[in-house]
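**Student:** Structure below; questions to follow.
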Amino acid sequence: MRIEYDYDTCIGMFQCVEEWGAFERDEDAGKAVLADSEEDGEGVFVREVPEDAELDAKFAARTCPVDAITVYDDDGEQLVP
């Protein structure tokens, strides 16, 4: 499973931080940060989701009020917008 996080879309509600520990608060920027991720060059941060964190990652994506987080399965099919 893979998660993608669009940093530019984030509005800093930090609901994702409450759902999954891989998201952290950046109070100075007013946005969340996805730990252990790599930027794709367009402001989207990507990382693999460990099996034991799949449910938390899905909840983080579902709680984002601006859909800045997307979850994909191993075949590249979008699971959560």
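**Student:** Could you give the angle, 0 to 90 degrees to the nearest 10, between helix 54-63's Cα long axis and the longest principal axis of the Cα atoms of the chain?
**Tutor:** Between helix and principal axis, roughly 50 degrees.
**Student:** Under a plain spin-label model, where a point goes 7 Å from the Cα along Cα-to-Cβ, how far apart in nm are residue 26 and residue 79?
**Tutor:** So the two model labels end up 2.5 nm from each other.
**Student:** Sticking with this structure for a sec: Evaluate E = 1/(1 + (r/R0)^6) for residue 72 and residue 15, where r is the Cβ-Cβ distance and R0 equals 25 Å; express this FRET efficiency to the nearest 0.05. Write down the numbers at each step before the final one.
**Tutor:** Numbers: r = 20 Å, r/R0 = 0.81.
Given R0 = 25 Å and the Cβ-Cβ separation, E is 0.80.
**Student:** Per-residue HN-Hα couplings for region 6-17, Karplus 6.51 cos²θ - 1.76 cosθ + 1.60 at θ = phi - 60°, whole Hz, x for Gly and Pro?
**Tutor:** 8, 4, 5, 7, 4, 10, x, 7, 6, 5, 5, 4
**Student:** Additional query: Rounded to whole Hz and in sequence order, give me ³J(HN,Hα) for region 22-27 from the Karplus expression 6.51 cos²θ - 1.76 cosθ + 1.60, θ = phi - 60°, writing x for Gly and Pro.
**Tutor:** 6, 8, 10, 7, 10, 4
**Student:** Moving to a separate point now. To the nearest 500 deg cm²/dmol, what mean residue ellipticity at 222 nm is calculated for the chain from DSSP H runs of n ≥ 4 alone, each contributing -39,500 (n - 2.57), summed and divided by the residues? Display every interim value, and only then the final one.
**Tutor:** On the way: 2 runs with 15 residues, N = 81.
Mean residue ellipticity, 222 nm, calculated: -5000 deg cm²/dmol.
**Student:** Amide H of residue 79 versus every other amide H placed in the peptide plane: which residues, excluding those fewer than 5 positions away on the same chain, fall under 5 Å?
**Tutor:** Amide H neighbours of residue 79, under 5 Å, 5+ apart: 71, 72, 73.
**Student:** For the chain, what's the relative contact order in percent, using C-alpha pairs closer than 8 Å and at least 6 residues apart? Display every interim value, and only then the final one.
**Tutor:** Working: 153 pairs, mean separation 31.5, N = 81.
After rounding, I find 39 percent.
**Student:** Using only the Cα atoms of the chain, what are the Rg and Dmax in Å?
**Tutor:** 11.3, 36
Bear in mind these aren't lab numbers, they're just calculated from the coordinates by the rules spelled out. Worth saying up front: this structure is predicted, and the values here are computed from it rather than measured. Note that we place each Cβ from the backbone using ideal geometry, even for glycine, and neighbour counts take in every protein chain shown.
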